[in-house]
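Reviewing the structure listed below.
The values are calculated or read from the model by the stated rules, or taken from the named source; none is laboratory data. Owing to the predicted nature of the structure, the values given are computational and were not obtained by experimental measurement. Here the Cβ positions follow ideal geometry from the backbone for every residue, glycine too, while neighbour counts run over all protein chains shown. Ligands, DNA and RNA are stripped out before the accessible areas are found, and what is left, the full protein with its side chains, is counted by its heavy atoms. Shrake-Rupley method; radii C 1.70, N 1.55, O 1.52, S 1.80 Å.
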Amino acid sequence: MKTRAAVAFAARKPLEIVEIDLDGPKAGEVLVEIRATGICHTDYFTLSGADPEGLFPCVLGHEGAGIVVDVGAGVTSLKKGDHVIPLYTPECRQCKSCLSRKTNLCTAIRATQGKGLMPDGTSRFMCDGEPVLHYMGTSTFSNFIVAPEIALAKIREDAPFDKVCYIGCGVTTGIGAVIWTAKAEVGCRAIVFGLGGIGLNVIQGLRMIGAEQIVGVDINPGRKAIAEKFGMTHFVNPKEVEGDLVPYLVDLTGGGADYTFDATGNVNVMRQALESCHRGWGQSIVIGVAPSGAEISTRPFQLVTGRVWKGTAFGGARGRTDVPRIVDWYMNGKINIDDLITHKLPLERINEGFDLMHAGTSIRSVVEF
Ligand code: NAD
Ligand code: 022
Ligand code: ZN
């Protein structure tokens, strides 16, 4: 069949909206009509050429929602008409990682996914007779995709695609970092560095679990008002702090935070986040993805005195299990997504979404098909 898609033909070139060919689903695979997709940093990171694993031509996008159109042989958990969110972190429930219950990093299809291929080692996308690669197993910048059954979360049918697509990455990463990675508890004090599409979801996760103090740190003063709406209790602009930021934050939190979160991807900020944790028990969660080759550092004394450095992928969420629950939280009014979707664009204007992200004008731009 044919599908309309925004194709990345090469690094550092704008996406091109073209009709490409899509093969039907093979065994264990599902054909999905994508109805909406968010635009996230990793898509740009790959397009910019800075991602050493980036391969071209490919169809980017990893934050989508849509409807099952057809299923391949052996697919049992999904049927035509089901509403789904594609998962860049699949959940096979059979690999060593899934069975460990200690991580969400399912390994069942990791090797082929990283190469832009389906589990059988081939691509379903073609353009002018040449294969076009998949991306993160999702490729949600295409109106139709083929994805493995284990990389699709079935969600309720009354959930609006143009909102719940954001649960495919940003919402789950931010809220999950609080509840599954940090396992933060009621009454805790926390600091969130970076109040963008991820950090604001960390803030609403902290409010949800009943944090006592939620400090937000951002160099963009324009983020203060929206962060307050989502539950931030104190705002700190590092540019306005006299002297070092870390002692200022330690003082503000009465000796350091129980939990800190980096949602900037800046390694200097990651160090500040660790060092503003409370001595003896504070935990710092790295969410931001740093430029390739970057390194983090601190004095070992920081760890010897009981601070803990952790990282999270997709908020530690087990996609097929946890994503449908987050959709329920949204539908029951427990979490706010609407106010974070600041821009909506048709596919033809997807490149403008990248510009809005860079200018800091948008929190999330969503493309509707
Ligand atoms: P964003 O651009 O919307 O937000 C980043 C915010 O950080 C901005 O508001 C910016 O002003 C602020 N900032 C920049 N430098 C700062 C500094 N020195 N001190 C304080 N604030 C600073 O980005 P986002 O969509 O929120 O994504 C944040 C990071 O999370 C990215 O690195 C992204 O790749 C990563 N991410 C990770 C995962 C995961 O699973 N680990 C998932 C999604 C996104
Ligand atoms: C999503 N991310 C950033 C912005 N939006 C993001 C990027 C990378 C990861 C998670 C979220 C990530 C963390 C750890 C891994 N990845 C490795 C997982 C593993 O090895 O099992 C990651 C993932 C997918 C891909 C690359 C890296 C890919 O499909 N290319 C989950
Ligand atoms: Zn993302």
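Values computed for the structure shown
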read-out	value
Residue in the stretch 48-74 that is most open to solvent (accessible area, probe 1.4 Å), counting only those that are outside any loop (DSSP other than H, G, I, E, B) and more than 16 Å from ligand 3 (Cβ to nearest atom)	Asp70
Only one of Gly280, Gly288 that is out of contact with any Lys or Arg (no Cβ under 9 Å at 6 or more places or on another chain) and not hydroxyl-bearing (Ser, Thr, Tyr)	Gly288
Those residues of the stretch 128-155 which are more than 12 Å from Gly66 (Cα to Cα), open to solvent by 20 Å² or more (accessible area, probe 1.4 Å) and away from ligand 1 (no atom under 16 Å from the Cβ), in sequence order	Asp128, Gly129, Glu130, Pro131, Leu133, Glu149, Ile150
Members of the stretch 359-369 found to be free of Cβ contacts under 8 Å to residues at least 60 places away in the same chain and surrounded by fewer than 17 Cβ atoms within 10 Å (Cβ to Cβ), listed by number	Ala359, Thr361
The stretch 24-47 residues that are open to solvent by less than 40 Å² (accessible area, probe 1.4 Å), paired with ones that are assigned to a strand (DSSP E or B) and among the basic types (Lys, Arg) (beta carbon under 7 Å, 6 or more apart)	Gly38/Arg364
Some residue of the stretch 304-322 being basic (Lys, Arg) and in contact with a Pro (Cβ under 9 Å, 6 or more places away or on another chain)	yes
Test for Ile335: is it within 15 Å of ligand 3 (Cβ to nearest atom), modelled with pLDDT of 95 or more and either within 17 Å of the chain's Cα centre (by Cα) or open to solvent by 60 Å² or more (accessible area, probe 1.4 Å) (or both)	no
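Conditions tested, residue by residue: (1) within 13 Å of ligand 1 (Cβ to nearest atom); (2) under 23 Å from Phe230 (Cα atoms); (3) surrounded by 23 or more Cβ atoms within 10 Å (Cβ to Cβ).
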residue	(1), (2), (3)
Trp281	no, no, no
Phe301	no, no, no
Gly315	yes, yes, yes
Thr342	yes, yes, no
